[in-house]
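The values are calculated or read from the model by the stated rules, or taken from the named source; none is laboratory data. As the structure is a computational prediction, the values presented were derived from the model and not from experiment. Cβ: placed from backbone, ideal geometry, glycine included. Neighbour counts: every protein chain shown. Keep in mind that these areas ignore ligands, DNA and RNA; they rest on the heavy atoms of the full protein, side chains included. Shrake-Rupley method; radii C 1.70, N 1.55, O 1.52, S 1.80 Å.
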Amino acid sequence: MICGFNNPEDIVRIGTSPWALTSNLGDQDWQQGGMSAYNSDTGSVIDVAIDFTTPLQDPYADCPGPPEVAAFSSHGLSVQERDGKMTLLAVNHGGRESVEVFDVDMTGSVPSLGWKGCAELPGGKVANSVAAYGDDRFLATVPQDAGLTTGAVYAWAPTTGWDRIDALEFDGNNGILVSPDERTVYIAEWSSQRVTKASIDGSTAPTESADLGFLPDNLRFAPDGTILAAGQQTSPLLIAGLCNGTSIEVCPATSAVAQLDSETLTAERLVEIPRSKTFGGATSAIMIGDDLLVSSFRAPAILRIPLDALPIIRG
């Protein structure tokens, strides 16, 4: 158990460094979360310094300015490395519903971030996860689109803004990944307990995994190209009513992590994590070094599980 986090909903590795970055949802009202980072070599945990005073960059000309610094609440994350530069995307709920964009600076002894722009979500929509692709483009999931019973995927590009991909409507669109060749998208169907694979533009019929037996949240690639899906082994009602709707410190839900073949979506259960006083309701998992790191949207800690302790491991 690694403490020092503020409801770390998502977790990503920064390049090939020993640093893992977590989004922090913050308090009950999803405010004042910020971001944290964990060094897998030293075991240290830091609050990440974010410079919100840097100039707005051209691709985000429609952004009205930086978010409310004190309210900033980060949710889904995506890291993209292109032309020697690293960019971080973060879904934000603090003060506005948006995707915030940052330059990642790894020149110092610890990672830091410089804000570069945003894309505000269209009218009343609340995003969950985000995935970068191409040049300054990204996809964002909306678990329940306004007026509909399904979720959605919205694509953003500098020249066109937001565009809904109608073919990617599922039950509770949650975690999202784009394949390395940027032709395929993987989406966690949270409510249906499945992961779906489709073409990135929705032009081909999607294929689904078998029922995972838990509510899959964020999706992350393992080092060998398989997909890690972390989530909650409980009912959507408990998550919505108790873990989202009250000030409870730790979500009392058993957690699970599965590993899926990126071609066939065949899944194997890696680990089941009983709820405890300090951890429950897992939402993301990555492999870094010799460990599996698991985060939660409603807990003050992340879990570190040695890979050699897992019953099934291919990464």
_Failed item, numbered, when Ala49 is tested on (1) at pLDDT 95 or above; (2) open to solvent by 40 Å² or more (accessible area, probe 1.4 Å); (3) among the hydrophobic types (A, V, I, L, M, F, W, C); (4) under 19 Å from the mean Cα position of the chain (by Cα)_ = (4)
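Per-residue answers, yes or no, for (1) of a type outside the set (Gly, Ala, Ser); (2) surrounded by 19 or more Cβ atoms within 10 Å (Cβ to Cβ); (3) within 18 Å of Glu97 (Cα to Cα):
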{"position": "Ser129", "(1), (2), (3)": "no, yes, yes"}
{"position": "Asp135", "(1), (2), (3)": "yes, no, no"}
{"position": "Tyr154", "(1), (2), (3)": "yes, yes, yes"}
{"position": "Asp171", "(1), (2), (3)": "yes, no, no"}
{"position": "Pro180", "(1), (2), (3)": "yes, no, no"}
{"position": "Thr184", "(1), (2), (3)": "yes, no, no"}
{"position": "Gln193", "(1), (2), (3)": "yes, yes, no"}
{"position": "Ala198", "(1), (2), (3)": "no, yes, no"}
{"position": "Gly202", "(1), (2), (3)": "no, no, no"}
_Return the residues of segment 28-46 that are free of Cβ contacts under 8 Å to residues at least 40 places away in the same chain and open to solvent by 50 Å² or more (accessible area, probe 1.4 Å); say none if nothing qualifies._
Asp29, Thr42
*State which residue is nearest to Trp19 (Cα to Cα) when the search covers only segment 268-283 and only residues that are out of contact with any Gly (no Cβ under 8 Å at 6 or more places or on another chain) and hydroxyl-bearing (Ser, Thr, Tyr).*
Thr278
*Please state which of the following conditions Ala253 fails to meet, knowing it meets all the rest: (1) in contact (Cβ under 8 Å) with a residue 40 or more places away in the chain; (2) buried (at least 24 other Cβ atoms within 10 Å of the Cβ); (3) among the aliphatic types (A, V, I, L, M); (4) farther than 20 Å from Gly43 by Cβ.*
(1)
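Suppose we filter segment 73-119 for residues that are more than 15 Å from the chain's Cα centre (by Cα) and of a type in the set (A, V, I, L, M); how many remain? Let's see the steps before the verdict.
Filtering segment 73-119 down to residues more than 15 Å from the chain's Cα centre (by Cα) leaves 81-86, 94-97, 102-119.
Okay, now just the ones that are also of a type in the set (A, V, I, L, M), so 86, 104, 106, 110, 113, 119.
Number of matching residues: 6.
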_Residue tally, condition of a type outside the set (Gly, Ala, Ser) and at pLDDT 95 or above, over segment 192-210_ = 5
_Consider segment 195-246. How many of its residues are within 21 Å of the chain's Cα centre (by Cα), in a strand (DSSP E or B) and touching a residue at least 24 places away in the same chain (Cβ under 8 Å)?_
19
*Of the residues that sit in segment 269-293 and are assigned to a strand (DSSP E or B) and touching a Lys or Arg at 6+ places or on another chain (Cβ under 8 Å), which one is nearest to Val45 (Cα to Cα)?*
Leu293
*Does Leu89 count as buried (at least 17 other Cβ atoms within 10 Å of the Cβ), outside any loop (DSSP other than H, G, I, E, B) and in contact with a Phe, Trp or Tyr (Cβ under 6 Å, 6 or more places away or on another chain)?*
yes
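Each row is one residue, and each column tells you yes or no for (1) open to solvent by less than 50 Å² (accessible area, probe 1.4 Å); (2) touching a residue at least 24 places away in the same chain (Cβ under 8 Å); (3) touching a helix residue (DSSP H, G or I) at 6+ places or on another chain (Cβ under 7 Å).
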position: Pro67; (1), (2), (3): yes, yes, no
position: Gly108; (1), (2), (3): yes, no, no
position: Cys118; (1), (2), (3): yes, yes, yes
position: Gly123; (1), (2), (3): no, no, no
position: Ala132; (1), (2), (3): yes, yes, no
position: Thr159; (1), (2), (3): no, no, no
position: Leu168; (1), (2), (3): yes, yes, no
*In segment 282-301, is there at least one residue being touching a Phe, Trp or Tyr at 6+ places or on another chain (Cβ under 7 Å), more than 30 Å from Thr207 (Cβ to Cβ) and not small (Gly, Ala, Ser)?*
yes
